[in-house]
Amino acid sequence: MMAYEISLLIVMGISITAGLSLNLITGFCGQISLGHAAFMGIGAYTSALMTKNGLPFFPSLAAGMLTAGIAGIFVGLCSLRVRHDFLAITTMGVGFLFLGIVRQQDALGGEMGISGIPDPGLGRIGFLLFVMGCAALVVYLSLYMKRSWLGFAFDAVADDEDTAGMLGLDVTQFKLIAFAIGTSLAGLAGGLYAHNIRFIDPDSFGFVESITVLSMVVIGGIGSVWGVVIASAVLSVLPLWFQFIEDYKLLVYGLLLFSVMRFSPGGLSALCFNIFSFFRKKLT
Amino acid sequence: MLFVELLVQGLLQGSIYGLIAVGLTLVYGLLRILHVAHAGLFTLGGYICVILTNQTGSFLLAVLASMLLVGITGMLIYRICYQPILDQPPFVPLIASIGLFIAMEELFRIFFGAYGLSFTELPLQEPLPFLQVSLKQAEWLTMLMSVGFVAILAFLANRTKLGLAWKATVTDPEIASSFGVDIIQVRYLNFFIGSSLAAASGCMMAVLNNLVEPTMGSVPSYKMLAIIVLGGLGNVRGTLIAAILLGIIESYGTIYLDDLLDRDSIAFVFLIIALMIRPQGLFQRT
Amino acid sequence: MNKKNLTVFLTCALFSFISLGVVNADSVKIGFNVPLTGFAAADGKSALNGAKLAVEQANQAGGINGKMIELVVYDDQASPKQAVPIANKLIEKDNVKAAISGSYSGSTRAAAGVFQAAGIPYISAYAVHPDITRAGNYVFRTSFMGEVQGRAGAKLVGATLQRKRVVLITLKNDFGKSLAAGFKEAAGQFNVQVVNEYEYSIKDRQFGPIVAKVKADNPEAIYATGYFFTAGPLVSQLRAAGITAPVIGQEGYDSAQFIKIAGKASEGTIITTSLDRDSTSSETRSFIKEFEAMAGHKVDMVAASGHTAMKVLVAAMKKAGTTNPAAIRDAIAETSLVASTGTISFNSLGEVQKNVQVQVVRGGNFHYHSEIRDQTLLAPPTR
């Protein structure tokens with residue numbers, strides 16, 4: 001048994017799903033979100049409450065995606081009114097509102113959270129394979145969307161909404177689609193998280209978590225699928241690898257976020273691209 | 001009576017928010033950076049104030065030194081951290097700033113300990129009753145400072161050459177520079193003033209709580225963003241009004257909406273409603 | 001193509017990184033997950049120091065049946081997300097025979113499930129969440145459950161202090177909520193009437209509106225849950241507003257920092273806790289002395305809890321005589337031991353049953369006020 005490796009890979013797989021779900025909204029469609037953890041939370045709470053009440057794992061997970069997606073469309077509708085930094089702060093507000101509501105509802109466990117979430121019953125390896133399968137599907141979906149006409153439409157909206165509108169693109173519709181897909185995938189990540197940790201509380205889906213997911217996207221290289229995959233995988237387990245630097249763990253983490261942005265604003269994908277073109281130039 | 005007291009408490013809370021948010025909105029107005037590390041400068045200001053007051057025994061001296069030192073730190077942050085990435089999309093400086101903020105919090109913890117610091121002799125504790133309202137000197141000073149600084153800023157902006165240059169740069173940097181305004185100088189000045197306001201706010205927070213701790217910037221780090229958005233991003237007077245409004249709403253909300261929502265959510269419900277009605281914030285950009 | 005190659009390379013690098021681990025055969029390993037960075041670092045450091053002291057003492061006394069104890073410490077930042085892989089690492093890579101949580105409720109609860117599934121005994125030093133021990137029979141707690149301490153608070157207010165009209169100021173997290181629930185549950189029993197309850201967030205340091213309202217309520221006593229960093233500003237703001245009713249706190253106040261922050265306003269504050277500063281027990285006295293010599297600062301409840309948990313575990317491992325986790329578990333369950341935080345024994349759920357110490361702040365220090373010994377009131381749940 002490699003329980004530790006399995007648990008790390010599960011954490012990575014869930015992070016990849018979460019990172020890519022935000023990448024769809026922020027990376028592809030240019031809608032910055034500082035409250036993404038709320039949708040993970042909606043998925044986590046929905047699916048956890050359902051499996052705790054004896055419902056099977058897969059339908060509960062799907063229900064979590066559905067509720068997160070519905071909430072996402074609703075927030076997407078609100079986001080139509082605001083742009084850029086105003087949108088960022090509005091989504092941040094949505095995140096805090098979600099926390100505030102969950103904290104106050106005893107039916108949702110309130111401050112005590114929900115513990116004793118049942119095991120999905122797939123075994124550790126089975127669950128790992130399922131998480132990896134989900135992550136792979138999301139990667140595939142992202143790559144597919146990037147190449148499809150939907151991806152081009154998203155690009156146009158991200159570049160310049162007004163021009164996209166003038167070209168006859170239904171900007172509203174595309175924004176809503178991006179929000180719906182992105183948030184329901186966040187719901188998926190949340191559901192997986194809940195059944196991996198098997199304990200959820202409001203703080204697990206707070207502002208810090210939203211920032212963590214956003215930094216995965218930005219560090220990876222906004223819009224770049226493989227960049228986000230690598231950044232999500234690495235950043236999610238970084239604190240565990242950094243155990244040996246003890247006291248300086250978070251300090252290094254913070255400086256790392258800062259340095260990547262300062263020295264390679266395009267994220268890891270731009271960094272790799274630059275390194276490769278540098279070597280190619282040397283070779284030729 | 002309770003009604004009035006809650007109003008006063010709201011004004012006080014709003015003044016604390018105001019001091020820190022006005023500094024941030026100055027930076028935003030000029031550079032369009034969501035400068036989260038501003039909350040780290042707020043914490044730094046608090047630490048310097050406590051350490052210097054304990055060393056020298058003079059609170060006034062400590063506040064002035066703290067504002068000066070933090071102002072210089074702010075300029076350094078601009079030079080080293082932001083200047084090279086100004087032309088990047090807004091989330092690049094945002095994440096850089098968040099990384100910087102996390103690193104600052106950890107530095108405070110590593111250097112000064114996780115327990116935080118307190119004054120050995122807490123200054124400004126005498127109660128000063130005024131029209132039935134009894135507040136401590138420190139509380140009066142906080143309110144005075146937030147209104148006073150905004151008044152000074154308004155005076156500087158409207159009456160001095162430097163202020164006019166600043167205003168012109170905010171409105172349109174290109175035209176301003178074609179009229180001979182040194183934009184770089186204006187930016188440094190901006191970071192200096194904004195950061196020293198954060199330091200002033202940190203100093204007052206330190207006196208009010210008799211505690212500075214590594215994480216004292218975590219609440220301001222997001223609430224100040226909400227406030228400058230409400231205030232119309234870059235509008236100094238609007239920001240102060242938004243901060244005070246938010247303080248008052250939180251004050252009544254904590255008592256009367258307690259069963260529905262917590263303090264943070266009350267603030268953000270207000271924010272969301274306000275933005276849905278007025279997507280440019282409550283006040284126009286100047 | 002290049003990009004793909006890089007991905008493969010990074011994945012390989014990543015795997016080789018994961019599987020680092022060192023094994024040392026001549027010792028017994030005990031795991032310890034604790035927040036050492038981030039917001040909970042202050043409590044984490046204290047708990048770790050307490051546990052280290054217990055390990056040092058045990059090793060000087062010959063270790064566990066001749067083998068030295070090796071403490072394996074991981075920083076979990078009080079996050080459930082990190083606690084699960086850390087628990088797996090402790091069990092599998094470090095091969096620990098038992099583990100202790102010096103962390104908060106979320107991470108402790110998440111890790112407890114992993115230790116239970118692997119059949120490794122796990123002791124929570126000071127996390128209060130009621131569901132922790134419900135993870136299963138391998139999980140124990142050496143500190144009070146929130147509810148139990150809350151009930152003790154009600155008896156303190158109603159019976160010892162004879163105050164009837166009480167206002168609750170509740171910290172909105174699992175700690176404050178479970179304390180308040182226990183207090184309200186037992187309030188009727190001691191004729192205590194809860195006039196009003198106000199809630200605040202762990203991030204709050206300014207309590208102006210609540211203080212103004214409490215002043216209007218004019219209660220006979222205030223039961224305010226919180227930690228030293230919220231309670232310090234709260235108590236000083238209550239006193240500055242001219243409220244003189246006694247403030248009743250709990251073990252979260254139990255730190256010299258509370259007195260430092262609140263200053264003169266802290267005088268007269270009464271708390272329920274598990275560490276008696278004026279104890280005549282030689283165990284407690286020697287712990288306080290040795291801890292303060294080692295850590296260089298005043299003792300607090302968290303340090304005593306870390307020390308107690310480690311002491312209980314070491315004693316059980318000695319008694320079990322083997323490193324078989326099942327035998328260690330059985331030995332822990334039968335514990336009856338005098339530690340710095342009182343006489344420790346567990347009920348069928350793995351919850352501790354001990355007396356509640358009441359301390360009062362006098363002359364800038366915590367001192368003995370009274371002790372609550374009511375065994376039926378203090379009985380933790382058994383399921």
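Coordinate-derived values only; no laboratory data. All figures in this text were calculated on a predicted structure; none of them were measured in a lab. Backbone-built Cβ (ideal geometry, glycine too); neighbour counts: all protein chains shown.
Points to keep in mind about this one:
- With a 10 Å cut-off around each Cβ of B:213-220, the average count of Cβ atoms from other chains is 4.
- Note on B:Ile175/B:Ile72: beta-carbon distance plugged into 1/(1 + (r/R0)^6) with R0 of 35 Å gives a FRET efficiency of 0.70.
- Going by neighbour counts of Cβ atoms within 10 Å, the residues B:Trp166, A:Trp241, A:Trp149 line up, fewest first, as A:Trp149, A:Trp241, B:Trp166.
- Each part reduced to its alpha carbon centroid, segment B:165-231 and segment C:104-160 end up 45 Å apart.
- Two tests apply to each whole DSSP H helix in chain B, Cα reach of 24 Å or more along its axis and mean Kyte-Doolittle hydropathy of at least 0.0, and the ones passing both are B:2-31, B:38-56, B:59-77, B:91-112, B:137-159, B:183-209, B:236-256.
- Counting beta carbons within 10 Å around each of A:Leu99, A:Leu129 and listing the fewest first gives the order A:Leu129, A:Leu99.
- Convex hull volume of the Cα atoms of the protein assembly as shown, normalised per residue: 167 Å³.
- Most mobile listed residue (B:Asp182, B:Asp259, B:Asp87) in chain B, GNM with C-alpha springs under 10 Å: B:Asp259
- Cα gyration tensor shape for chain A, rounded if a/c is under 1.5, else prolate or oblate: oblate
- Net charge contributed by nearby residues that have their C-beta within less than 14 Å of C:Gly321 (K/R +1, D/E -1): +3
- Entries in A:Lys52/C:Lys172; A:Lys146/A:Lys249; A:Lys249/C:Lys203; C:Lys52/C:Lys89; C:Lys67/C:Lys354; B:Lys136/C:Lys264 that, when Cα-Cα distance is taken, lie over 27 Å: A:Lys146/A:Lys249; C:Lys67/C:Lys354
- Helix-only CD estimate at 222 nm, as mean residue ellipticity for chain A, using -39500 (n - 2.57) per DSSP H run (n ≥ 4): -25500 deg cm²/dmol
- Each of B:Cys81, B:Cys49 was scored by other Cβ atoms within 10 Å of its Cβ. Arranged with the fewest first, they read B:Cys81, B:Cys49.
- Lone cysteines, chain B (no partner Cβ under 4.7 Å): B:Cys81
- Bridge type composition, the protein assembly as shown - antiparallel percent by DSSP, nearest 5: 40
- Using the rule -39500 (n - 2.57) for each DSSP H run of four or more residues, divided by the residues of chain C, the 222 nm mean residue ellipticity is -13500 deg cm²/dmol.
- Helix-only [θ]222 nm of chain B, DSSP H runs n ≥ 4, -39500 (n - 2.57) each, per residue, nearest 500: -24500 deg cm²/dmol
- The Cα center of segment C:364-383 and the Cα center of segment A:93-124 differ in position by 32 Å.
- Here chain C carries DSSP beta bridges of which approximately 35% are antiparallel, counting only pairs with both residues inside.
- Simple spin-label estimate for B:Leu257 and A:His84 in nanometres, 7 Å along Cα-Cβ: 2.9
- Computed label-point distance, nm, for sites B:Phe3 and B:Leu162 using a 7 Å Cα→Cβ extension: 4.6
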